[in-house]
Amino acid sequence: MPSAGLTAFAGDGTATAQYLTKRQGQRHFTGLIHAATDSVQDAYVQLHGIDFVGTDHVFRLNRTRVEAFSGVAKDLFHHLENGQIERYRTEVHAHRKTWPLLEWDSKWDGPVSVHQDGSVLAMRVLT
């Protein structure tokens, strides 16, 4: 289900579990998970004037430190987190033509890709 994918992308296992059956892997999101193997919804970022909630990772690419943020628009994420699928669908449908699909965000200092479902992937070089 797309809702499970979005909540997992934002790093919230508890919200993800409610959308999965045991066969789909619900147990993976409800048991004890080692911190090194799980992304955790712990980052809040404003990109293009939109508040997002999700998770970020810092890694090295050819010795250059890079930060990647993945998440979902904060207001839409709260609907998913609370099991309000119809409210999420209504609001995402209303916003989907207005998302800045792929643009450079000067405050973030990197490229930002916003999908029509309210998810975002942003990257930037760290100095």
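The values are calculated or read from the model by the stated rules, or taken from the named source; none is laboratory data. Keep in mind that what you see is a predicted model, and the values were worked out from it rather than measured. These accessible areas exclude ligands, DNA and RNA; they are computed on the full protein's heavy atoms, side chains included. Shrake-Rupley method; radii C 1.70, N 1.55, O 1.52, S 1.80 Å.
Residues whose amide H lies under 5 Å from that of Asp105, counting only those 5 or more places away or on a different chain, are Gly110, Val112; hydrogens are built 1.01 Å from N in the peptide plane. The heavy atoms of Thr98 offer some 100 square angstrom of accessible surface to a 1.4 angstrom probe.
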